[in-house]
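Working notes, beginning with the structure itself.
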Amino acid sequence: MFEFVGRKLLRLFQGTGEIVVLLLQTIFYFKEIPRNLPAIFRQLSEIGIGTLPITALMALFVGMVLALQTGSQLALYGTQDVIGAIVGLSMVKELGPVMTSLLVAGRVGSAMAAEVGAMEVYEEIDALKTFQISPVRYLAMPRLVGCLLAMPALVVFAIVIGVIGGAFVSSVNPLINVPVNVYYDNMIQALNYMEILKGLIKATVFGGIIAVVGCYIGFQTTGGARGIGQSTTRAVVLSFLLIFVANYFLTRLML
């Protein structure tokens, strides 16, 4: 029993160290960004533009459900006018960054792990090393830069759509019946630039987690097609866990 726990803890510490090393190596190659702009733009298109439709759908219904659940309870006490502040703060501080990051981790992080994993399994990464091309610079760096740039933009988009969805439900639902102008006035009074900045910081950190985890799991892939499938699952699960953990500590630091 103790031997099993010891092995698991050792593997945990080893994996943590390897992820940190990969992150530092990737940051080191940021100096090569001007030479890798086409690859970065491809990642921005895949991460940002490719995720916009599903992000809009997710954010719309998250905002609508949040307004419906919260507004109907507030209406019992005659305080539904504050629904704009509640939806706005919830989307900016928590739901926008976290839900969008989970969505990107499921869609993009898994694809990164599968793509890099396939290159590892079929020895394409060894070929890069033969030509003295760093796999970290060629594969990890563009993906990390793309996530760091695309995630804040996606989160802003999700926040806007979620707020619009909340305003729609608040104004048309007879139980809540909060006019759109009252909704937005209340939200603007509650929000400030620091709250928005905190949400964008979270989005940037989560984007870094998704990219580094996806590339790390991809580089560790073995075992052919089955190994690629397992790596995809591992990348998504590990990204989810790290996003939740990071969200707690970031929230605690920014209170």
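Every number here is computed from the coordinates shown, using simple stated rules; none is lab data. Just so we're clear, the structure is a prediction, and the values are computed from it rather than from any experiment. Neighbour counts are summed over all protein chains in view; Cβ atoms, including those assigned to glycine, are modelled from backbone coordinates with ideal geometry.
Descriptive notes on the structure:
- For the stretch 77-100, filtered to residues that are charged (D, E, K, R) and within 24 Å of the chain's Cα centre (by Cα), the residue that is surrounded by the most Cβ atoms within 10 Å (Cβ to Cβ) is LYS93.
- Every condition in (1) surrounded by 23 or more Cβ atoms within 10 Å (Cβ to Cβ); (2) farther than 25 Å from TYR248 by Cα holds for GLY109 except the one numbered (2).
- Of the residues examined, LEU197 is not one that is of a type in the set (A, V, I, L, M), without any contact (Cβ under 8 Å) to a residue 40 or more places away in the chain, part of a helix (DSSP H, G or I) and surrounded by 14 or more Cβ atoms within 10 Å (Cβ to Cβ).
- Within the option set ILE243, ILE228, ILE217, being buried (at least 20 other Cβ atoms within 10 Å of the Cβ), closer than 11 Å to ALA113 by Cα and out of contact with any Gly (no Cβ under 6 Å at 6 or more places or on another chain) holds for one residue only, ILE217.
- When LEU149, LEU139 are checked against the criterion of being closer than 27 Å to SER239 by Cα and either under 16 Å from the mean Cα position of the chain (by Cα) or of a type in the set (D, E, K, R) (or both), LEU149 stands alone in meeting it.
- For the stretch 101-147, the set of residues classified as part of a loop (DSSP other than H, G, I, E, B) and either closer than 11 Å to CYS215 by Cβ or hydrophobic (A, V, I, L, M, F, W, C) (or both) consists of PHE131, ILE133, listed by residue number.
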